[in-house]
1. Kindly identify region 354-407 as rounded, prolate or oblate by the Cα gyration tensor criterion: order the square roots of the eigenvalues as a ≥ b ≥ c, call it rounded if a/c is under 1.5, otherwise compare a/b with b/c, prolate if a/b is larger, else oblate.
2. Please express the shape of region 192-246 as an equivalent ellipsoid: the semi-axes are the square roots of 5 times the eigenvalues of the C-alpha gyration tensor, given largest first in whole angstrom.
3. Using packing as a proxy for protection, rank 294-303, 340-349 so that the peptide with the highest average count of other Cβ atoms within 10 Å comes first.
4. What number, in nm² with one decimal, is the all-direction average of the projected area of the convex hull of the alpha-carbon atoms of region 145-223?
5. Based only on other Cβ atoms within 10 Å, what is the fewest-to-most ordering of 17, 208?
6. Which order do 172, 288, 193 fall in if you start with the one that has the fewest other Cβ atoms within 10 Å?
7. Dividing the Cα radius of gyration by the Kirkwood radius, what Rg/Rh value follows for region 266-457?
8. For region 406-482, build the convex hull from the C-alpha positions and give me its volume per residue in Å³.
Ligand code: UDP
């Protein structure tokens, strides 16, 4: 093989279709492109706009080769309405089931693309459990992209392995997760994801088993993390759980966007003029604004929004509150005169710009892993408010291990869609927000958060842990092709 053939290395990226998976995949594709690799993202028609805007935004960068291929989404066969191609548009458990069925049905069209374009490697989201066997058919390595922390992988692994939640007298009894971890990690049964206690819907338990098998059989795992953030758990993942892995994040930090404020759109256009939002922040004192965003898909009721609004009123600080609009906004939750001290963004917020602004001093987060990492990168302490997925595990990492956050006091895992009766009172919310922003404890957390920010910068700098892992991975993949 000639060196130019070797240099011409093409990776296919296959993301799960949800904002929290597509954003890091887009960043990852750009990151590999900076190492001279041709990055191709494969998705479905309704999701292309999400990627094309970012690709166009960055296409002036000379030599960056990123492109997009599409496969038709199998609405009819999966029984989903037309246009419903992203997990953020699912609003019932039945639709979730059908969505995963649609992902399975994409296997055949994806194989056709591999056959036609013959890439050298596949990087697939862990939810696409068939990706590894498909890559095997074409003799190329498949890397699994895990969108979450080492910490949560370790917790899930040991919950499934030791079932420590069994034989507790109640769901609110605390127990310690067994394992030779660097810290004592305690949970109650009600905080655990149903799949990790084998109580979830049958299809999800089966899916997670397939995901585990495929991940073990794959070439290795790409982690959206950096070593210094959770070193004890990265070591455990490798030495005890036996995974070959590369930590190459925080992805976004690898790019110097300069003053390119547009870069904040990241697929979805912000629902507020980004310059206007920045100007509003520019007028505020350092560390004085609280940013509240409970993710791209969280199940937050009007009653809960009302409690948040009352807490923000009582707090008396500037704030930015993001309200994901999924239905007609009734405004019933808004107390009178509420918006005067804050900005309410109904829809999509330019989150990285806000978090990285010097005016922002705290982040109320649902503990999605991307948001946690973005909070870490910005050096901002957090109020942790987990809802579903592995968010309760991420909360423990932030509050008990890293000690850069205060728990709001959520004690029960709630499903992503459908009704639930969990309501965190305004008093609880206010208490957590005040502790985050005011007093000695707050200053300690801010100092520690800034140290993690520095560590993140160091990890992606020349010779740093993520920089080295990325380069080692690229070198290894090219050698594997040879
Ligand atoms: N996000 C954003 N604006 C919003 C809401 C979310 O930019 O108004 C981004 C956020 O910065 C993060 C991603 O969407 O990168 C959400 O991923 P995360 O893992 O935090 O949570 P999920 O929404 O997947 O539960």
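1. Working: a/c = 2.01, a/b = 1.62, b/c = 1.24.
Here region 354-407 falls in the prolate category.
2. Details: eigenvalues 117, 41, 17 Å².
Listed largest to smallest, the semi-axes of region 192-246 are 24, 14, 9 Å.
3. On the way: 294-303: 19.3, 340-349: 17.7.
Ranked by mean Cβ neighbours within 10 Å, highest first: 294-303, 340-349.
4. Details: hull surface 23.2 nm².
Convex hull of Cα atoms, orientation-averaged projection: 5.8 nm².
5. Details: 17 23, 208 20.
Taking fewest neighbouring Cβ atoms as first place, the list is 208, 17.
6. Working: 172 12, 288 16, 193 21.
By the 10 Å Cβ count, ascending, the order reads 172, 288, 193.
7. On the way: Rg = 15.3 Å, Rh = 16.6 Å.
Ratio of gyration radius to Kirkwood radius: 0.93.
8. On the way: hull volume 11.1 nm³, N = 77.
That works out to 144 Å³ per residue.
Since every read-out is calculated from the coordinates, none of them should be taken as a lab result. For clarity, every value in this text was computed on a predicted model and none was experimentally measured. We place every Cβ from the backbone using ideal geometry, glycine too, and count neighbours over all the protein chains shown.
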